[in-house]
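The values are calculated or read from the model by the stated rules, or taken from the named source; none is laboratory data. All figures in this text were calculated on a predicted structure; none of them were measured in a lab. Note that we place each Cβ from the backbone using ideal geometry, even for glycine, and neighbour counts take in every protein chain shown.
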């Protein structure tokens, strides 16, 4: 039975504060879960203390001899500081996610020995076959409490589309009535709430609190140009008290913005899905050793720092609810904090890109299903690549989304994909259209928010169907002006920072195995992102005018000079094009002249070469280059600068380097004007 | 797939291996006998099995099982996540599960097999097809060419006559008959002893599942592998779902076909059983006939087959009744037909008491008629409270 005094002791232990009190609703929620096998939906803003509810309930159930609790959360790597709090009350929490593979064996052993009180997994992991076989089979037999974090993702009307939650929703629906269940979210509007009640069952108890954040001073500034926004942040960062978070939409934006701010003397770091030392970065911010983290959405809900003094958005997020969630990280335990949204010209294009690539097209789905239909015994990944001239990420997306339907038209069994007897229902496409339309509406709502002069918080609360009309802090908003000298600095910075071209290490399946290190190129440089506000526009302009300007040639030359190649033997070559035969060789010749190296056109294209753009995936791209690129003269022996205008998949560079090196050249240094590789958050 | 009912959830939790296959000290699921004892104790308290999953569930367990079993039953019921994982996995693969108390559960199994009716039934395809009867075609796995020919020919005729073919889906006679019936545009029901999940993905089954010509079903968990006991246990289900059965070939006193046939002829007696004449198996054929099987007449047209299968349907209820004179039998049959015409169609489920007062007879008599009409498939029965309604006889399959 629930023991109130004991629960309080545990709360003291978790918070480290003797005399700590439960927030309104917390204790009732815990009691309901422990004593009444309750089903609970908690809708409370971030910071209310949802984790206290499930940690305490899990601990109390364990004390009564029940099995471990299972927490399903999309952002588990970010719950580190909460896990510390849990351990203070003696709760043994383990996580299994794609980034801690080396710990899986230990966690599996601990689970088998029953020394884990709560297991945290991502919905993707939960749907993973290996996880189901090796871990879930054991845990699910005695899970005492199931917690669904970010439960709004279960609803199609949630602002946050995560395909794997579709299966989570069905799992919940099929749970017998005696299973203890807690669903939590900070961002459920009435419509999402209705969906959740259907999934959770009519007996669900709802605990809903106010969404208002009176301590936040919100403002929006439209500033189309990236360089201006970089300058604005650099100008304001020094004036802002305390530390905070700066959000960007893509990894490369976060990387560049943080590099720029560091170059201006600020203690900032990028925090993205590619950062290797994320726990250390979080600690750096928590302990205020960093002024800010420049983060993508990888820095998510679980991050719990009560004194975040500001949240600045370098670009606008796809919806106001996503924005509310991100900006809500500021000022939880402060009487005032800033939330500033800088809206740029590229925001809409980025949002559109994510909306348009979120689902497979009808044609993609039909082709994947047809390929599987024709297979006698299913298809493996490499067999799918070879039978479909489609970008692998597209095939993967199709497989993922269709396999999450029920009944599913295709399923994965071991390493192979199989067609089932189920049709892909028209309702699937209706859903796709509905969600796509919802995303567009959200985009519209976002730009409405950007245009607001006042009433920002009320707008956000209303978007969530919360109660509007609380009183808000009145502190002066930040100036929307920017120092033009700083803007030109930022522009120069953008032009001088290149992007790494990372060499391919493996040929696509079906075309050979590992690429020998002595046949690979070195890590090269792309001057810009395709159409970014540094060199990007000059590159696009050059492609149209069939001439790259001298500034670009000079920028390339300065990259080559930094490489410090052996001037006596090094040389320059380029990737030929049949369509625009002179465009790249002309640029390469000028670069060679600028750095004082000889230029040699050693490559040609065989007839029948198709534009690389039309090749769907690695297999076809690599084969297309391999079959068409050819050496026409002897290869000089020294190190060589290999120039192309745009790099995308990297297969052209890989094949060219392989040809050069296996025919006696020295090291190969790829250099391109722009990278067209799509960004990721 | 439709949601799994609470009673079926409880049955699965108590009797099925779900996730961990007995690892981590999970208590073993209840054996059938232990389950029925528990169910009986629950019914005696005026409750249903799904009450185990409600607020008073723990108390109910305490009252209904021995104290030393309490912990393990509670533990079984606490496997909620394992259960929903399993249902979800099956659902994704197009596999449904029904329990004996569900309205979709084939009434034939309930009435013909009574306490031996499988508690749970899994399947893929149109579940309503399991209430439509058909011709069971069974025989051994090793089919010589004349046996194969017989299986294929009867399968072909049944397909053309639109008589569903029921079989065990095994190699040999089973598959030959089913394939041949499906090839002529007919329908088939495979009652599998194992590996339902794999069977649903096999490309030759998939085609017919897609067009709803084929239904695969099994009383064993979809992922369960082959086991001789299972193969024996499913024989009675094949017979119970059929209107008539043809044994194409059986060994004498040995093998699954023989065992299934004897069980049907001596114990359940729910359908007429025919046996194909085959000189090489003379001993088996004669023995089966001595147990009550009929020699398979020379059927060579669709009409002949239809007549043969249709006839026993009407005789069924009377042929089973022993101890009565033929005349009494006949008048009882006429009376039953009259009752049937008076009360059907009955789309909305009604209680025996209502029917009794309408017909002006004792409730016990009304119950008897209703049971008989249910047995022959005119009506279907649902529980708690017991009610009857008209069974849909023309679902998507035909």
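Among the residues of segment A:606-623, the one identified as modelled with pLDDT of 85 or more and surrounded by fewer than 21 Cβ atoms within 10 Å (Cβ to Cβ) is A:623.
Going by what's in this entry, would residue B:293 be described as at pLDDT 65 or above, within 26 Å of residue B:262 (Cα to Cα) and within 23 Å of the chain's Cα centre (by Cα)? Against the criterion (at pLDDT 65 or above, within 26 Å of residue B:262 (Cα to Cα) and within 23 Å of the chain's Cα centre (by Cα)), residue B:293 qualifies.
Can you work out which of the residues in segment A:25-42 that are in a helix (DSSP H, G or I) and out of contact with any strand residue (DSSP E or B) (no Cβ under 7 Å at 6 or more places or on another chain) is farthest from the other protein chains (Cβ to nearest Cβ)?
Just the residues of segment A:25-42 that are in a helix (DSSP H, G or I), to begin with: A:26-36.
Narrowing the set further to residues that are out of contact with any strand residue (DSSP E or B) (no Cβ under 7 Å at 6 or more places or on another chain) leaves A:26-28, A:30-31, A:34-36.
On the way: A:26: 23, A:27: 21, A:28: 17, A:30: 18, A:31: 15, A:34: 14, A:35: 10, A:36: 7 Å.
This residue is A:26.
Considering B:39, B:63, B:88, B:50, the condition of being in contact with a helix residue (DSSP H, G or I) (Cβ under 8 Å, 6 or more places away or on another chain), within 23 Å of residue A:201 (Cα to Cα), without any contact (Cβ under 8 Å) to a residue 40 or more places away in the chain and not assigned by TED's automatic domain parsing to the domain that holds residue B:221 is satisfied by B:88 alone.
Residues are listed down the side, and each one gets a yes or a no for (1) within 23 Å of residue B:199 (Cβ to Cβ); (2) away from chain A (no Cβ under 14 Å); (3) in contact with a strand residue (DSSP E or B) (Cβ under 9 Å, 6 or more places away or on another chain):
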position: B:16; (1), (2), (3): yes, no, yes
position: B:43; (1), (2), (3): no, yes, no
position: B:101; (1), (2), (3): no, yes, yes
position: B:108; (1), (2), (3): yes, yes, no
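This table checks each residue for (1) without any contact (Cβ under 8 Å) to a residue 60 or more places away in the chain; (2) crowded, with 21+ Cβ neighbours inside 10 Å.
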site	(1), (2)
A:2	yes, no
A:6	yes, no
A:9	yes, no
A:13	no, no
A:21	yes, no
A:29	no, yes
A:42	no, yes
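Of the residues B:157, B:182, B:83, B:176, the single one that is farther than 24 Å from residue B:4 by Cβ, assigned to a helix (DSSP H, G or I) and within 14 Å of another protein chain (Cβ to nearest Cβ) is B:182.
If a residue has to be touching a strand residue (DSSP E or B) at 6+ places or on another chain (Cβ under 6 Å) and crowded, with 18+ Cβ neighbours inside 10 Å to count, how many in segment A:502-524 make the cut?
Filtering segment A:502-524 down to residues touching a strand residue (DSSP E or B) at 6+ places or on another chain (Cβ under 6 Å) leaves A:506, A:514, A:521-524.
Now restrict to residues that are crowded, with 18+ Cβ neighbours inside 10 Å: A:521, A:524.
Of the residues in that region, 2 qualify.
Set side by side, the residues B:91, B:57 differ, and just one is farther than 29 Å from residue B:242 by Cα, buried (at least 20 other Cβ atoms within 10 Å of the Cβ) and within 12 Å of chain A (Cβ to nearest Cβ), which is B:57. Condition check for residue B:171 on (1) more than 21 Å from residue B:109 (Cβ to Cβ); (2) within 14 Å of another protein chain (Cβ to nearest Cβ): one failure, at (2).
Based on this model, can you work out whether residue A:90 counts as touching a residue at least 40 places away in the same chain (Cβ under 8 Å), at positive phi and in contact with a helix residue (DSSP H, G or I) (Cβ under 8 Å, 6 or more places away or on another chain)? Considered against the rule, which asks whether it is touching a residue at least 40 places away in the same chain (Cβ under 8 Å), at positive phi and in contact with a helix residue (DSSP H, G or I) (Cβ under 8 Å, 6 or more places away or on another chain), residue A:90 comes out as yes. Of the residues making up segment A:427-439, one or more are loosely packed, with under 13 Cβ neighbours inside 10 Å, over 24 Å from the mean Cα position of the chain (by Cα) and either assigned to a helix (DSSP H, G or I) or at negative phi (or both).
Taking strands (runs of 3 or more DSSP E) as the structural unit, those lying wholly within segment A:187-262 and holding at least 1 residues that are in contact (Cβ under 8 Å) with a residue 12 or more places away in the chain and farther than 29 Å from residue A:472 by Cβ correspond to A:205-208.
Taken over segment B:241-263, the residue count meeting the criterion of being part of a helix (DSSP H, G or I), touching a residue at least 60 places away in the same chain (Cβ under 8 Å) and over 21 Å from residue B:144 (Cα atoms) is 1.
Would it be correct to say that residue A:306 is part of a loop (DSSP other than H, G, I, E, B), at pLDDT below 95 and farther than 18 Å from residue A:346 by Cβ?
Answer is yes for this residue.
When residues in segment B:160-173 are screened for being surrounded by fewer than 24 Cβ atoms within 10 Å (Cβ to Cβ) and part of a helix (DSSP H, G or I), 1 of them pass. Can you find even one residue in segment B:116-130 that is over 19 Å from residue B:224 (Cβ atoms), in the same structural domain as residue B:202 (by TED's automatic domain parsing) and in contact with a helix residue (DSSP H, G or I) (Cβ under 8 Å, 6 or more places away or on another chain)? The answer is yes, given that some residue of segment B:116-130 is over 19 Å from residue B:224 (Cβ atoms), in the same structural domain as residue B:202 (by TED's automatic domain parsing) and in contact with a helix residue (DSSP H, G or I) (Cβ under 8 Å, 6 or more places away or on another chain). Run down A:112, A:86, A:58 and say which single residue is farther than 27 Å from residue B:86 by Cα and either in contact with a strand residue (DSSP E or B) (Cβ under 6 Å, 6 or more places away or on another chain) or at pLDDT below 90 (or both). Selected residue: A:86, the only one of A:112, A:86, A:58 that is farther than 27 Å from residue B:86 by Cα and either in contact with a strand residue (DSSP E or B) (Cβ under 6 Å, 6 or more places away or on another chain) or at pLDDT below 90 (or both). Residues being over 17 Å from residue A:340 (Cβ atoms), buried (at least 23 other Cβ atoms within 10 Å of the Cβ), assigned by TED's automatic domain parsing to the domain that holds residue A:241 and without any contact (Cβ under 8 Å) to a residue 40 or more places away in the chain are represented in segment A:270-277 by at least one member.
Tally up the residues in segment B:112-137 that are closer than 17 Å to residue B:245 by Cβ and either in contact with a strand residue (DSSP E or B) (Cβ under 6 Å, 6 or more places away or on another chain) or within 14 Å of another protein chain (Cβ to nearest Cβ) (or both), please. So the count comes out to 4.
Considering only segment B:239-247, I want to know if a residue exists there that is within 13 Å of the chain's Cα centre (by Cα), within 14 Å of chain A (Cβ to nearest Cβ) and at pLDDT 95 or above. No, the conditions are met nowhere in segment B:239-247. The numbered conditions (1) touching a strand residue (DSSP E or B) at 6+ places or on another chain (Cβ under 7 Å); (2) more than 10 Å from chain B (Cβ to nearest Cβ) are all true for residue A:128 except (1). Scanning segment A:475-501 for residues that are more than 30 Å from residue A:653 (Cβ to Cβ) and touching a strand residue (DSSP E or B) at 6+ places or on another chain (Cβ under 8 Å), we see that the one that is modelled with the lowest pLDDT is A:475.
Just one of the numbered conditions (1) at pLDDT 95 or above; (2) more than 9 Å from chain A (Cβ to nearest Cβ); (3) in a helix (DSSP H, G or I) is not true of residue B:10: (2).
In this structure, is residue B:109 outside the structural domain of residue B:245 (by TED's automatic domain parsing), part of a helix (DSSP H, G or I) and under 29 Å from residue B:349 (Cα atoms)? It is true that residue B:109 is outside the structural domain of residue B:245 (by TED's automatic domain parsing), part of a helix (DSSP H, G or I) and under 29 Å from residue B:349 (Cα atoms).
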